[in-house]
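Everything on this sheet refers to the single structure shown next.
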Amino acid sequence: MLETLGLDTSTAVLWIGALAMFAGTLVYFWLGRSVAVYKENFFIMAISITVIAATAYLAMALGMGRMEFNGEEVLVARYIDWLLTTPLIIALLGILARADRSLIATLIGLDVYMISAGFLGAISETLVVSLVWWAIGSVAYLIFLYLLLGALSEAADEQPDDLATVYKTLRNLTVVLWSIYPVVWILGGNGFDVLPLVAEEASFVTLDVLSKVVFGYILLSSHETLRVYSFYGAERQSTAEEPA
């Protein structure tokens, strides 16, 4: 079947990733069909995450967004996707926790640093150099986790229970999934190369879909909780118009 379409298995997996991201975007629009959520930052940011990811996967599936370094092909579009979408995920968590902007900025800075380290590892000439960059990125990730599970979660704990529950669900989802990324990376072609290419691609696609599409679905499905606690402009406006 794949041969008839002129696709190899790895490319087919990338197409699945693109279609899943586009499908997630459509689901978000469906969730916003009957509420003013489409006017709010949460909706715009969640939509942006899946649109960017869908675009990156489409480019990779079409054979674009790839560069050769030291005789090895690197999917540059994937790293660009991560650099653009993961800060949005962190920002959404920070907004939910009503955290200080400096804390959110620090988390985003660590995120960008560890993804950049991963890219440098992917374009390295030798396994030793790749391992060095992987280790550096892993240290940044551990610091990231320390702040995410510490200061950011403490800020969320000060919020009403319903709101804190939404935050914790999304935080736990993010921590579990993001912790698997470096394992797949080091076992795949960038590291020890013990994970077949198709398995590596399938792992990244699965992780991306869960950490972006499912994340956004849980967030936007909680729109009533967010509205009640005045996250939406429509709610703030209606409150302001109530007679004294």
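The values are calculated or read from the model by the stated rules, or taken from the named source; none is laboratory data. Remember, it's a predicted structure, so these values are computed and weren't measured experimentally. Backbone-built Cβ (ideal geometry, glycine too); neighbour counts: all protein chains shown.
Okay, here's what the table says:
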read-out: Residue list for region 171-190, filter: touching a residue at least 24 places away in the same chain (Cβ under 8 Å) and closer than 21 Å to Glu68 by Cα; value: Trp185, Ile186, Gly189, Asn190
read-out: Answer residue from region 107-144, given it is of a type in the set (S, T, N, Q) and closer than 17 Å to Trp82 by Cα and is nearest to the chain's Cα centre (by Cα) among those; value: Ser116
read-out: Residue selected from region 139-193 under the condition assigned to a loop (DSSP other than H, G, I, E, B) and among the polar types (S, T, N, Q), by the criterion surrounded by the fewest Cβ atoms within 10 Å (Cβ to Cβ); value: Gln159
read-out: Matching residues, region 109-138, being polar (S, T, N, Q), without any contact (Cβ under 8 Å) to a residue 12 or more places away in the chain and part of a helix (DSSP H, G or I); value: none
read-out: Close pairs from region 191-204: first at negative phi, partner modelled with pLDDT under 95, Cβ under 7 Å, at least 6 apart; value: Leu197/Ser10; Leu197/Gly189; Val198/Thr9; Val198/Ser10; Glu200/Gly189; Glu201/Ser10
read-out: Complete set of residues in region 1-56 that are at pLDDT below 90 and within 30 Å of Gly189 (Cβ to Cβ); value: Met1, Leu2, Glu3, Thr4, Leu5, Gly6, Leu7, Asp8
read-out: Flag for Arg78 being modelled with pLDDT of 95 or more, among the charged types (D, E, K, R) and either within 18 Å of Asn190 (Cα to Cα) or more than 19 Å from the chain's Cα centre (by Cα) (or both); value: yes
read-out: Leu148 vs. criteria at pLDDT below 95, closer than 25 Å to Pro87 by Cβ and not aromatic (Phe, Trp, Tyr); value: no
read-out: Only one of Ser138, Ser130, Ser124, Ser116 that is within 21 Å of Phe192 (Cα to Cα), at pLDDT 95 or above and touching a Phe, Trp or Tyr at 6+ places or on another chain (Cβ under 7 Å); value: Ser124
